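Shown next, in structure tokens, is the structure this report addresses.
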Amino acid sequence: QDAVTLQLKWVTQAQFAGYYAAQEQGFYDEENLDVTILPGGPDVAPTQVIAGGGADVIVEWMPAALAAREAGVPLVNIAQPFDASGMQLTCWADTGIESPEDFPNHTLGVWFSGNEYPFLSWMSQLGVATDGKDEDGVEVLKQGFNVDPLIQRQADCISTMTYNEYGQVLDAGVTPEELVNFKYEDQGVATLEDGLYVLEENLQDPAFVDRMARFVRASMRGWEWAKENPEEAAQIVLDNDETGAQTIEHQTRMMGEIAKLITDADPALDPAAYERTVATLMAGGSAPVISATPEGAWTAAVTDAAKAQ
Amino acid sequence: MRRAVLPVLWVVMALLALWYVAAIPMNIREVVTEAERGGAEVWGGTAAERQDRSAWALALRNPSVALNGWAQERPRLPAPHQVAQELYASTIGEEVFGRRGFFQTGELSNRSLVYHAGVTLGATVVGFLIGAAAGVLLAIGIVHNRAMDMSVMPWAVISQTIPIVALAPMIIVVMNSVGVQGLLPKAVISAYLSFFPVVVGMVKGLRAPDRMQLDQMHTWSATQAETLWKLRLPASVPYLFASLKIAIAAALVGTIVGELPVQRGGLGARMLAGSYYGQTTQIWAALLMAAVLAAFLVWLMGWLERRTLRAMGVPA
Amino acid sequence: MMLVILAILVWIGAWALNGWLTRGGRHRSPVVRTAVPLIFGATVLLVWELLVRGLEVPPAILPAPSRIGATFAGNLPILWGDFVQTILKGALSGLAIGVAAALVVAVLVDRYDVLRRGLLPVGSFMAALPIVGVAPIMVMWFGFGWQSKAAVVVLMVFFPMLVNTVAGLQDTTQMQRDLMRTYGAGYWPTLFKLRLPAAMPFVFNGLKVAFTLAMIGAIVAEFFGSPTQGIGFRISTSNGALQLDMVWAAILVGALAGSAVYGIISLIERGVTFWHPSQRT
Amino acid sequence: MAAASLSQTSAPVIAARDLNLVFQTADGPVQALKDVSLSVAKGDFVSFIGPSGCGKTTLLRCVAALETPTSGTLTVNGLTPDEARRARAYGYVFQAAGLYPWRTIAGNIRLPLEIMGFPRAEQDARVDRVLKLVDLAGFGRKYPWQLSGGMQQRASIARALAFDADILLMDEPFGALDEIVRDRLNEEVLNLWARTGKTTLFVTHSIPEAVYLSTKIVVMSPRPGRITDVIDSPLPRERPLDIRESPEFLAIAHRVREGLRAGHVEL
Amino acid sequence: MAAASLSQTSAPVIAARDLNLVFQTADGPVQALKDVSLSVAKGDFVSFIGPSGCGKTTLLRCVAALETPTSGTLTVNGLTPDEARRARAYGYVFQAAGLYPWRTIAGNIRLPLEIMGFPRAEQDARVDRVLKLVDLAGFGRKYPWQLSGGMQQRASIARALAFDADILLMDEPFGALDEIVRDRLNEEVLNLWARTGKTTLFVTHSIPEAVYLSTKIVVMSPRPGRITDVIDSPLPRERPLDIRESPEFLAIAHRVREGLRAGHVEL
Ligand SMILES: Nc1ncnc2c1ncn2[C@@H]1O[C@H](COP(=O)(O)OP(=O)(O)OP(=O)(O)O)[C@@H](O)[C@H]1O
Ligand SMILES: Nc1ncnc2c1ncn2[C@@H]1O[C@H](COP(=O)(O)OP(=O)(O)OP(=O)(O)O)[C@@H](O)[C@H]1O
Ligand SMILES: Cc1ncc(C[n+]2csc(CCO)c2C)c(N)n1
Ligand SMILES: [Mg+2]
Ligand SMILES: [Mg+2]
């Protein structure tokens, strides 16, 4: 069997159900692959892990991947299972925020560690400063790992994923009517999330490309299976969670929301979505995320091979 | 015995009482909001307006719901009995009745704090042993070599002002990425934190023999090794144990910090997971478990110290 | 490979030099006393630089010191902001509150035996507790600003400080106490004229421990939520963005600040406990 | 008070009758003092001598109200020791100088004066006076560790003298010093005593020292601590150091030594 | 060696000529020994007496090769001190007993034997022998803190005797003990010396002790440390404690005291 190490972007949760499902259902075995799945965490940068040789392939968001590319880690997108972005800004309705124009003079929670790029890009397109609360600026907080800042009203808006944090807000007893959501997807600043990235030099090796093709193929089967069997998929995730902190209810719901982001079984990257992501990141105002249009940051070679069987 | 235990009991009870009292204002905002959502008439205006009111005012003016602060699902400050329940549920409860508990599967459940405490304990002990050994060796070098004393000692002090725990994620990830995984990266951090107190204590201890004792060795033409083995090391034992007690507590902190970024079990991972899902009670339970572990480790050092000293013939 | 061999040679050469400098009576001269540790530090940096270059370590894993230095010099305003946020606001304010509280409680504990026998065991239990675990809770309670960092610091420094101070207040000899009694001195004169001065060496020992803890607490708490500056914020975000040179520059800020504050505490200690044998050389 | 003391023939400053003191220790009770009776007249210089552990220190501590006898009566100036302590009747000098290292010599001498609330100017005057008395004028601003052991011990005596206590209690004040320095200080103590006329209780291990200094020598024996001999010295008040080679001196010393040897436990 | 010592008239074990020793300190040089010349014959018991800081310890340390004189010559058994040290010529007894608390009395005495590589059986035999010699048979398995100060000091002497050093060096071995215990130990040291005939150098602050023990008394004066008087004792080798009240004894004591007082610095 060929060994593949996959580094996830975040902790073990239904966001990665497809990979765990492929593992447990034996899809990887059928492709003659021995896959090791490394969970991530709040301070694990998958880009760093792959740069140091700790993984063959990583799940990463495109902004972080392109930024890493500029920083000297030549990452290439080989597949894009997630078609839509799940990121949004969730605000209390009673703060008077009804549209992005109302953001100034409010406090916004944002994820950092490479996830702040879409937000900064969006704000610069809106012409909103991010260095303090005033008439045309917002106060930005480095949001921690949970939704407490919103519940405790320390922030007027926080970043949430449709499949995870938003559900946690509702779990805390808040009703959807009390909230206003701004999906990045709707604001035209969506960036591609959860793609599979490898190091450019490895793609020279046909054996590696073949191994990745089999990996992508099996993974997509995993995703298909997970979408069809959300409860079982959630249970598989739970069994793989080494912290033992997840609950089945939460993972089942997450699986449902994740399914909405994987609109088709095609792992190929949509060039239009790619262009839009790059455009968003280049529009980062005074400090764009990436300064030059990336070249060769994605390839269809692997997905083509995967589809070819 | 009674003289020793009773005051501790009083203090613990006072702390518990304080804790219960504090839980009311700490949780009152959520309690009131919840009541409001349930359709109750509450004092204090809208949720946003209530933000500006004092917690005690809210508690006193909404007396019918104030005590709900002791039974919140996601409290800011869980009441002591909630923590106790969680502690029970995630130890005995989980292992005995849980789907993956010890009684079902013959293995410790990864949902139980017993399992996580074990993971943390392993890395702590390994890290502590590495750190203590390195510390003792470095101290021996420093005592015997002036160049080492003068060049290393100032940097050892400075090294402790480096926020190593802030480096922990990077160390973990970097080690991870060169293929070192699991227990060792965490142990490296706990070793780093535990080596310094050992160096300081051991340098002091190895230098504890006075001029007279060293001269005595000299008149007998003892070699450096003999002096080390028969004089310096035995003389340093009390200092060694004093610093080992500090070192093992530091090692535990190091492990827990090392467990935060990589969600692979351990009390640190557990605390973070609790934080990630807003499960304050779970954090508190993990914290308490860590405290018990710390107390146990420090006690263990004390016990070893007493055993060693007794074996050496020093009066209790 | 050449560079790696060079690194090894530099290391051996520096040790030989330091060995030579510290032999004979030379080690007593103040010049040698400062030169030796500096040579050691410079050697470590040089060897690091050579190894990183020689082994071609990717900058995303470990940047060379020269690069870190350049980043540090190029981002002084940002790093200054981080320093103010984390050290001045978070660590030092928390240290001040925690130490003050510990001193007051220590006097009470020293006065009332019940407290000593009750609070001290609980205190030493708490002192061994990995307080970093409360960082997320403090961020939840006190918000994202420096206040939550200060709260973590207060909790971290309180018990070590308390235990040290209580030990210090009791570090008087029977003779010194008896002397006070033969003067018919009451509680307060004894406290101010005997116990507090006698406790000072312990207080400063505690302060040195507490200070390192304060740094750790303030920085780690920023991992759980912060405004968009601070040493911990810089380290975690730059690390996520693979700007390791920035990570190390932020660490350098921490180490510089740490060494400076340590030095200041030592100086004050020298002034206050000039009479203690350890200070009298 | 005055009437009462006049009405008595001996007017004892310190009167102890049948003192007993038992320490309760982990190993059981230790009888430190057994049936000790003693009376000290005003202006007496009383030396206590006896093997280690015989209760010399304990007896002094009882007088200074630092220990409470288990039974028996003890009065100081007709008061209980504790009342006398609160009336600041004692100047206590310990074996080690026991100066506070964080205070200068003058600061150390001033300490009891501060506590007793003397006005500032008076403090200064007294510090100057006693510094001169013990021959340390000019050393007031030094710190204790900057002085030799003998000078420290003199400073500690100065401290005990500064507030004009009625009774000077000295517990082996020169035990840690070498013989030559000790000789010198013995002479000075004698001078001081002649000049101030203070009632003095003095503990020592040295037979010549006890004989040289005292008007009354109390020999004690250990376990349980008893008084075995009380010798009233026939030596004149004026005593040059050479007196120690005189036959009277040697006779007393011999009597003390015999008393000691009799009471001494087997090693 | 034997031939050499027979061929000389005095055959000195220790011969010092014009020794000088200057310590370089932060406050400038301190002359600890100045022009010290001395010769000690085999079997002598030499006491060194002098005020604190006069260089007694320094002189002993030079003999034991723990310090190196700045100038002058010093030979021990015809060898340099360092060669003599390596030949294990010295048994050094310090002021405090300096026993290791983690070793039993026997273990403490065995320590130098272990270091010198004596075979195990021989070690045991020697430990037994010296324990008996200092009257501590049966106490071998006790720990130091279980013994009185006097017994500890005897154990420390036993340790110095165990490996049959040629020369016994004692630096104020009884300084910390009370006078009665001290008397007893003085008698025992004298006995021991009579039995073993070891050349002994003995530092003390006590005039009676020096006179009582020695065949030769060296009086020193401080700053810079010089020898001011060397007194060959006319006392017989056999010395009961009472000898201390004899006129010869007092005469020597007087001479020592005068010598001391002359050299003593102003306090
Ligand atoms: N606080 C105490 N608790 C128990 N026993 C005590 C205490 N103080 C003294 N003793 C015991 O009482 C006895 C007398 O002690 P004390 O200190 O008065 O002797 P001393 O004559 O002053 O001896 P030294 O010459 O050694 O100073 C000793 O056996 C001692 O162990
Ligand atoms: N290592 C040293 N460095 C500097 N000066 C020293 C050192 N050792 C001794 N001295 C000085 O040398 C002088 C003689 O010291 P030494 O210890 O020989 O005196 P001593 O006669 O043994 O005194 P004591 O009776 O107090 O033991 C003193 O002034 C002392 O301060
Ligand atoms: C510190 C930190 N906070 C948030 C994210 C963002 N993020 C990326 S994937 C994911 C899972 C969805 O719940 C989340 C929250 C991050 N990477 N690091
Ligand atoms: Mg006493
Ligand atoms: Mg000496």
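The values are calculated or read from the model by the stated rules, or taken from the named source; none is laboratory data. All values derive from a computational prediction rather than experimental measurement. Cβ atoms come from the backbone with ideal geometry, glycine included; neighbour counts cover every protein chain shown. Just the protein is used for accessible areas: all its heavy atoms, side chains included, with ligands, DNA and RNA removed. Shrake-Rupley method; radii C 1.70, N 1.55, O 1.52, S 1.80 Å.
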> What percentage of the solvent-accessible surface of the protein assembly as shown, computed with a 1.4 Å probe over protein heavy atoms, is contributed by carbon and sulfur atoms?
Replying inline: 59 percent
> Which of the lysines could be linked to B:Lys204 by a straight reach, that is with a Cα gap under 19 Å, when you skip same-chain ones fewer than 8 residues away?
Replying inline: B:Lys230, B:Lys245, C:Lys208
> So how do C:211-221, B:78-88 stack up, highest first, on mean other-Cβ count within 10 Å?
Replying inline: C:211-221, B:78-88
>> Summing both sides, how much accessible area is buried between E and B? Use a 1.4 Å probe and give Å² to the nearest 100.
In response: 2200 Å²
> Rounded if a/c is under 1.5, else prolate if a/b is larger than b/c, else oblate: which is the stretch B:1-116, with a ≥ b ≥ c the root eigenvalues of its Cα gyration tensor?
Replying inline: oblate
> Summing -39500 (n - 2.57) over the DSSP H runs of n ≥ 4 in chain C and dividing by its residue number, what mean residue ellipticity at 222 nm do you reach, to the nearest 500 deg cm²/dmol?
Replying inline: -24500 deg cm²/dmol
> Counting only other chains, what is the mean number of Cβ atoms within 10 angstrom of the Cβ of each residue in peptide C:232-239?
Replying inline: 6
> Percent relative contact order of chain D, based on C-alpha pairs within less than 8 angstrom and at least six residues apart?
Replying inline: 25 percent
> Of all DSSP beta bridges located in the protein assembly as shown, what percent are antiparallel, nearest 5?
Replying inline: 55 percent
> Got a sec? Charge dipole of the protein assembly as shown, +1 on Cβ for Lys and Arg, -1 for Asp and Glu; which of C:Gly230, D:Leu74, A:Gln15 is way out at the positive end?
Replying inline: D:Leu74
>> Order A:Ile248, C:Ile268 by their accessible area, 1.4 angstrom probe, all chains in place, largest first.
In response: C:Ile268, A:Ile248
>> Taking 8 Å as the Cα distance limit and 6 or more residues as the minimum spacing, I'd like the relative contact order of chain C as a percentage.
In response: 22 percent
> Can you give the accessible area per residue of the stretch D:101-164, in Å², using a 1.4 Å probe?
Replying inline: 40 Å²
> What is chain A by shape, rounded, prolate or oblate, if you read a ≥ b ≥ c off the alpha carbon gyration tensor as root eigenvalues and call it rounded for a/c under 1.5, prolate for a/b larger than b/c, and oblate otherwise?
Replying inline: oblate
> Going by the alpha-carbon gyration tensor, a ≥ b ≥ c the square roots of its eigenvalues, is the stretch B:61-194 rounded (a/c under 1.5) or, if a/c is not under 1.5, prolate (a/b greater than b/c) versus oblate?
Replying inline: prolate
> Just how far, in whole angstrom, is the stretch C:197-233 from the stretch D:65-92 if you go by their alpha carbon centroids?
Replying inline: 51 Å
> Per residue, how much accessible area does the stretch A:14-118 show when a 1.4 Å probe rolls over the protein heavy atoms, in square angstrom?
Replying inline: 23 Å²
> Give or take rounding to whole Å, what are the principal axis extents of the alpha carbon atoms in the stretch B:113-311, in descending order?
Replying inline: 68, 37, 26
>> Give me the percent relative contact order of the stretch D:101-164, please, defined on Cα pairs under 8 angstrom at least 6 residues apart.
In response: 51 percent
>> Rounded to two decimal places and with Rh computed the Kirkwood way over Cα pairs, what is Rg over Rh for the protein assembly as shown?
In response: 1.07
>> Using +1 at the C-beta of Lys and Arg and -1 at the C-beta of Asp and Glu, which of E:Val130, E:Gly117, E:Trp102 has the Cα lying farthest in the positive direction of the dipole of the stretch E:101-164?
In response: E:Trp102
>> What Kirkwood Rh does the stretch A:160-282 have if only Cα atoms enter the pairwise 1/r average? Answer in Å.
In response: 17.1 Å
>> Greater than 29 Å separation of Cα atoms is the criterion. Which listed pairs, D:Lys132/D:Lys198; D:Lys142/E:Lys34; A:Lys9/A:Lys142; D:Lys56/D:Lys198; D:Lys142/E:Lys216, meet it?
In response: D:Lys142/E:Lys34; D:Lys142/E:Lys216
> Which order do D:Lys34, C:Lys193, A:Lys133 take when ranked by solvent-accessible area (1.4 Å probe, heavy atoms of all protein chains), largest first?
Replying inline: A:Lys133, D:Lys34, C:Lys193
> In peptide D:99-106, how many Cβ atoms from other protein chains are near each Cβ within 10 Å, on average?
Replying inline: 4
> Counting Lys and Arg as +1 and Asp and Glu as -1, each charge on the Cβ, what is the dipole of the protein assembly as shown about the Cα centre in debye, to the nearest 20?
Replying inline: 7780 debye
> Rolling a 1.4 angstrom probe over the protein heavy atoms, how many square angstrom per residue are accessible across the stretch C:2-57?
Replying inline: 62 Å²
> How big is the A/B interface in buried accessible area, both sides summed, 1.4 Å probe, to the nearest 100 Å²?
Replying inline: 3200 Å²
> Based on the Cα atoms of the stretch C:1-133, what semi-axes does the equivalent ellipsoid have, where each is the square root of 5 times one gyration tensor eigenvalue, given in whole Å with the largest first?
Replying inline: 44, 25, 16
> Dipole size in debye (nearest 20) for chain A around its Cα centre, Lys and Arg Cβ +1, Asp and Glu Cβ -1?
Replying inline: 380 debye
> Tell me, which residues of the stretch D:178-200 get at least 50 Å² less accessible area when the other protein chains come in, versus the chain alone (1.4 Å probe)?
Replying inline: D:Asp178, D:Glu179, D:Ile180, D:Arg184
> Hey, if you put +1 on the Cβ of every Lys and Arg and -1 on every Asp and Glu Cβ in the stretch B:1-91, which of B:Leu16, B:Ala71, B:Leu58 ends up farthest toward the positive end of that dipole?
Replying inline: B:Leu16
> How large is Rg/Rh for the stretch D:38-119, to two decimals, with Cα atoms and a Kirkwood Rh?
Replying inline: 1.00
> Which of the residues in the stretch B:287-316 show a loss of at least 30 Å² in accessible area from their chain by itself to the complete set of protein chains, at a probe of 1.4 Å?
Replying inline: B:Leu287, B:Ala291, B:Met312, B:Gly313, B:Pro315
> How compact and how long is the stretch C:2-57, expressed as Rg and Dmax of its alpha-carbon atoms in Å?
Replying inline: 13.2, 43
> Nearest 20 debye, what's the magnitude of the dipole of the stretch C:72-279 about its Cα centre given +1 on Lys and Arg Cβ and -1 on Asp and Glu Cβ?
Replying inline: 480 debye
> Taking the mean number of other Cβ atoms within 10 Å as a proxy for protection, how do you rank C:32-42, A:34-44 from highest to lowest?
Replying inline: A:34-44, C:32-42
>> I'd like the interface area for chains C and D: accessible area of each alone minus the complex, both sides summed, 1.4 Å probe, protein heavy atoms only. What is it in Å² to the nearest 100?
In response: 2200 Å²
> Can you tell which of D:Tyr212, D:Tyr90, D:Tyr143 shows the greatest fluctuation in a Gaussian network model of chain D with Cα springs below 10 Å?
Replying inline: D:Tyr143
> What translational diffusion coefficient, in µm²/s and rounded to a whole number, does the Stokes-Einstein relation yield for the stretch D:101-164 at 4 °C and a viscosity of 1.567 mPa s, taking the hydrodynamic radius as the Kirkwood radius over Cα pairs?
Replying inline: 115 µm²/s
> Copy-to-copy spacing for D:Trp145, label 7 Å out on the Cα-to-C-beta vector, in nm, shortest first?
Replying inline: 2.6
>> With both bridge residues required to lie in chain D, what share of the DSSP beta bridges run antiparallel, to the nearest 5%?
In response: 55 percent
> Which of the peptides D:228-237, D:124-133, B:256-265, B:134-143 is most tightly packed, and how do the rest follow, going by the mean number of other Cβ atoms within 10 Å of each residue?
Replying inline: B:256-265, B:134-143, D:124-133, D:228-237
> Taking each residue of C:138-150 in turn, how many C-beta atoms of other protein chains fall within 10 Å of its C-beta, and what is the average?
Replying inline: 4
> Give or take rounding to whole Å, what are the principal axis extents of the alpha carbon atoms in chain E, in descending order?
Replying inline: 49, 47, 42
> Within a Cβ distance under 12 Å of A:Ala259, other residues only, what is the Lys/Arg minus Asp/Glu net charge?
Replying inline: -2
